[in-house]
Each structure stands twice: as structure tokens, then as C-alpha cells.
1. Quick one: angle between helix 19-30 and the longest Cα principal axis of the chain, in degrees between 0 and 90, rounded to 10, please.
2. Spin-label point model (7 Å from Cα, Cβ direction): what's the ARG220 to SER20 distance in nm?
3. Between LEU100, ASN186, PRO146, whose Cα lies farthest towards the positive end of the dipole of region 94-213 when Lys and Arg beta carbons carry +1 and Asp and Glu beta carbons carry -1, centred on the Cα centre?
4. Size of the dipole of the chain about the Cα centre, Lys and Arg at +1 and Asp and Glu at -1 on the beta carbon, nothing else charged, in debye to 20?
5. Nearest 10 degrees is fine. How inclined is helix 131-141 to the longest principal axis of the chain, computing both from alpha carbons?
6. Is region 1-158 rounded, prolate or oblate when judged by the Cα gyration tensor, a ≥ b ≥ c being the square roots of its eigenvalues, rounded requiring a/c under 1.5 and prolate requiring a/b larger than b/c?
7. So which residue, out of GLY156, GLY262, GLY121, gets the largest mean-square fluctuation from a GNM of the chain using Cα contacts under 10 Å as springs?
8. Measuring from label point to label point, each 7 Å out along Cα→Cβ, what is the GLU174 to LEU272 span in nm?
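Please treat every number below as a calculation from the coordinates, not as lab data. Fair warning: this is a prediction, and the values are worked out from it, not measured in the lab. Every residue, glycine as well, gets a Cβ built from its backbone with ideal geometry; the counts of neighbours run over all protein chains shown.
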Amino acid sequence: MSSYPSPTISVVIPALQAASTLGSCIQAVLAQDVDTDFDVAIAVGPSSDDTRAIADAAAATHPNVQVVDNPSGTTPSALNLAIAATDGAIIVRVDAQSVLPAGYIRRAVETMQRTGAANVGGIQRPVGTHGRQAIIAAAMASPFGPGPARFRRDGGDGPVDTVYLGVFDRAALEAVGRFDEGMRRNQDYDLNWRLRVAGHVVWFDSNLVVEYRPRPTLTRLWDQHWQYGAWKRYSLFRSPKSLRLRQLVAPALVIGLAFSLGALIAGSWLGLVVPVLYLMAASVAASRCEMDTAHDRAVLLAAFATIHLGWGCGFLVGRRGG
């Protein structure tokens, strides 16, 4: 039993075009076993699917669930609107594409009280339900995919740059200005950077493992990582000291491939060095993932390239608008 008093808790969920995942997300949140009552605010953006209907049905069934309109449709705006509609001393951020495991909130709150952290989070575990989404999930779960950030792999607990989702101390969150609504992407890293600059701790707990449903197509995966790259560049212009060398790998790959293309056009076989080395590295990484067929392995290689080139191109030439 914890010796700490039970705080009030609010769960905030941004939802946009999330009909395929929102129901299971809400179900997992409401199944959480904690020592105190908690409320849930779902901020719904303009959606052409049944996202709003699913959210409204949950609010009609559960008195502790409310639905908030998010006219802009952006994630940081949704989060801030949901936070403003609640008053819990602890804010639990949940994505509509995620599924919290049993005991997640209890564990995160206990870790926060034990460490004094302003934000506690854990591991993002991509899970695809079928077909191409399952292959994309394997690519995102591979260390070769999105990179070695702690929240993408198992690792030792402790202070980190950023975490997946986040369980926040409201007082610290309010003190640094909540989420920056000018950051349509990379808003989590930006917020965690501001928390750390203000002297707070962002804590990684490897026992907090949350399932995440990735984009189901390569086109949407490219668009997602293009935006990630573009907004990362903007974030680094604002806060240069937040740069980590791993964030330059994908842009360097794009530049290397561009020079390779130029060398091949000029008739130099040296232009094959970078693409061949990349293909070899990607093939080794793919061999460590369980794929049923050669076609699936080819899609996996394409997913790796989509993640890296989408992020790198977005970083180099992407606009913040998309």
C-alpha cells in the first residue's frame, strides 16, 4: 500500500478520425483500477467517421466522461481544451490510438509520487491488427525503425528527454504553459523540454507499456513522419539546445542519397555506396523481424525507408503546414 494520499485524476484524450480505435481506448481507460474516482475528457475534432458518436455514447453511459469540441482538430489544442475542462491534480494523457494496460494509471501515479517527477511515461509498443498495419507495427517496433529513443524500447528506469503519452503533475504543467498550440507535431517533446528547462524531471518507467495502433498504410506513414520531421526542425530552431545527434541521422541519409544520385548521373559507381550500405543495414534489421513471406519482408523494407526518408525529407524541406 502506498503511504501517499490519493490525488484527484483526470484523463484527457484527443480524438480525430479515430472511430476504429477510440472505443477500445475508452474501454481500457474506464477499466483502470485506481484508489480514487477519475474523470475523462474526450476532445473531438472535425471527423468524417463515427468518432463523435462513439465519444457521445461513452459520455451518455458513464457520468464521469465528458466530450469537448475541438474545432481546430489539432492535437495540442485538443489536449489543452480537455485539460481546461477538468480539474484533476494529475493529468493522464491518452491517445485515441492507444490502449492502456491494466494498472497503468496506478503505477504511473505511484512512480510520480516516489520520484517527484513532473511527468511519468513508458514504452510505446506498436501493435498492428492485420495485414500491412501489422508489418508497419513491426517496422516501428524495430530499433532500426524510428530510432533509439528510450520510449520505443525496453531500458532502465530514470530521467529522460521525453516519454510516450505522459502522466503529468498539473501544477507543473500549468506553470510551463500547457501544450504549445503552435506545435501541431512534436508537441510532446517540446513540452517535456520546457518542463526540464524549468527544473522538473521527466521520468521513464519501463513497466508502463502501452499498445499503439500505427498508421495502416505506407502513404499515411510517410505523411506522419514527414510532419514529424518538419516540426522537429521548427522545434530545434526555437530550442537549439534540445538537439540530439540521433535526430540528424535521417536528414543525413537523405542528403547522402541525393549525392549518390548525383554521382550515378555523373557516371561514378561511388554513388552506389550509400544506397547499398543502407539496403544492407535495412535487410539485417528486417531479418530480425518475423515475417511470413518474401512479400511481407519487402513491405517491411519499404516501411523502414518510408519512416527514414519521410522524416528526413520533412526535416530538410517540409513546411509546418503539412
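1. 40
2. Calculated label separation equals 0.4 nm.
3. The Cα lying farthest towards the positive end belongs to PRO146.
4. Working: 29 positive and 26 negative charges, 264 e Å.
Magnitude of the dipole: close to 1260 debye.
5. The two axes meet at around 90 degrees.
6. In terms of gyration-tensor shape, oblate.
7. Ranking GLY156, GLY262, GLY121 by mean-square fluctuation puts GLY262 first.
8. Output for this residue pair reads 6.5 nm.
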